[in-house]
Amino acid sequence: MLQKSSLPPGHDDPWQVGPVTLASRFLLGTAGYPSPAVLGEAIVASGAEIVTVGLKRSLAAAGDNGFVATLREVLERTGARLLPNTAGCRNAQEAITLAHMARELYGTPWLKLEVVGDEHTLQPDPFELLRAAERLVKDGFTVFPYCTDDLVLCRRLLDAGCPLLMPWGAPIGSGQGLLNPHALRTLRERLPDTVLIVDAGIGAPSHAAQAMELGYDAVLLNSAVAQAREPVAMARAFRLAIEAGRGGWRAGVMARQDFAVASTPVLGHPFVLPEQP
Amino acid sequence: MSEVPATITVKLESGSAELPAGSTLAALVERLGHAPASIATAVDGRFVPRAERACETLQDGQTVLLFQPIVGG
């Protein structure tokens, strides 16, 4: 007999970041929205329990048009957690310094560790990333490393003490979707007990659903929502796609076949007609 | 005996600031108009925690960077 859960989506299928239990599998970036109000509505519509933030250099006291204030108000209302990033860092030392600043400003040890190694693709630098991760874990951070889909690098990041991995789907902000599903599938298969989050490159809800159908635990994206014609509606669409993809993974997607396999269990032809003269 | 300069100059993100010799990082933050808890600080690329700014005496030629929260992806 079918049983209908009375729990909200995700609450019967939680996931963990260390001791923290989460229901939503949608991590949302907060940059590039047309207004603070739209950002706030998009966070609510997404159901996200983790939102990313950054740091920027500042010369004199200056405002940000109210984005951070709105963000803090929405987070207070929704209970979502902050995940500060180290965007813009080009080596381990820069990332380590910025991480400590982020912890002081935001009051959380959670950190999305970004160390970019190529200006054109914004590809993570695996060597500097690992070096920074090793240091920051020792300094008490919970490191969410934004990394490539290289299996050996991912293993080294886990060995360094990262509680999860965030391999890229495609270059940041490109919206190209999952460029290398094979590598992502390999990570899932080789690291079955690791929390895996696809971060970057997702452009459409179908991309997010695909990541979840591969067995990924969550998806992190920003531009696809912020740059949509209607960001709030797109946040809702991604939420549904992520829930659908997760549901598909849990239900077990059928194996692919090279040829057609009739789905209706008929015996031979439905009619036996006399041959035409 | 060499004369101690009355002022020092520190480099900022854009431009520089002239300060009385012996000025602390906390004094610079205040002079720039920031609430102490609204920014994070680094001197010559080294993070200086908020609690240590009052003890961080700036030297001539040092680079001071201030960071503030922003939205991010």
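Just so you know, all these numbers are worked out from the coordinates, no wet-lab data involved. Predicted model only: the values in this text are computed from it and were never measured. Note that we place each Cβ from the backbone using ideal geometry, even for glycine, and neighbour counts take in every protein chain shown.
The table that follows gives values for the structure above.
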quantity: Peptide A:94-104 - average C-beta neighbours from other chains (10 Å radius); calculated: 5
quantity: Distant-in-sequence amide H partners of residue B:8 (H built 1.01 Å from N, under 5 Å); calculated: B:19, B:21
quantity: Distance from the stretch B:56-73 to the stretch A:48-119 (C-alpha centre basis), Å; calculated: 15
quantity: Whole-Å semi-axes of chain A's equivalent ellipsoid (Cα gyration tensor); calculated: 39, 23, 18
quantity: Amide H within-cut-off set for residue A:50, under 5 Å, with H built and near neighbours excluded; calculated: A:28, A:81
quantity: GluC sites (Glu not before Pro) lying in DSSP loop within chain B, provided at most 10 other Cβ fall within 10 Å; calculated: B:3
quantity: Between 0 and 90°, nearest 10: helix A:67-78 axis offset from chain A longest Cα axis; calculated: 60
quantity: Mean Cα-pair separation over length for the stretch A:15-251, i.e. relative contact order, pairs under 8 Å, 6 or more apart, %; calculated: 20
quantity: Helix-only CD estimate at 222 nm, as mean residue ellipticity for chain A, using -39500 (n - 2.57) per DSSP H run (n ≥ 4); calculated: -11500 deg cm²/dmol
quantity: Counted charge near residue A:131, where neighbours are those whose Cβ lies closer than 15 Å (Asp, Glu -1; Lys, Arg +1); calculated: -3
quantity: Number of partner chain Cβ atoms within 10 Å, mean per residue of B:28-39; calculated: 2
quantity: Built amide H within the under 5 Å cut-off of residue B:24, gap 5+; calculated: B:58
quantity: Karplus (6.51, -1.76, 1.60) ³J(HN,Hα), θ = phi - 60°, over the stretch A:252-266, in Hz, Gly and Pro reported as x; calculated: x, 6, 5, 6, 6, 10, 6, 10, 5, 10, 4, 8, 8, x, 7
quantity: Per-residue ³J(HN,Hα) for the stretch A:204-211, Karplus 6.51 cos²θ - 1.76 cosθ + 1.60, θ = phi - 60°, Hz, x for Gly and Pro; calculated: 9, x, 4, 5, 5, 4, 4, 4
quantity: For the stretch A:140-151, 3J(HN,Hα) per residue [Karplus equation, 6.51 cos²θ - 1.76 cosθ + 1.60, θ = phi - 60°, Hz, x = Gly/Pro]; calculated: x, 7, 9, 8, 9, x, 7, 9, 7, 8, 6, 4
quantity: GNM top mover of B:23, B:38, B:14 - chain B, alpha-carbon springs below 10 Å; calculated: B:14
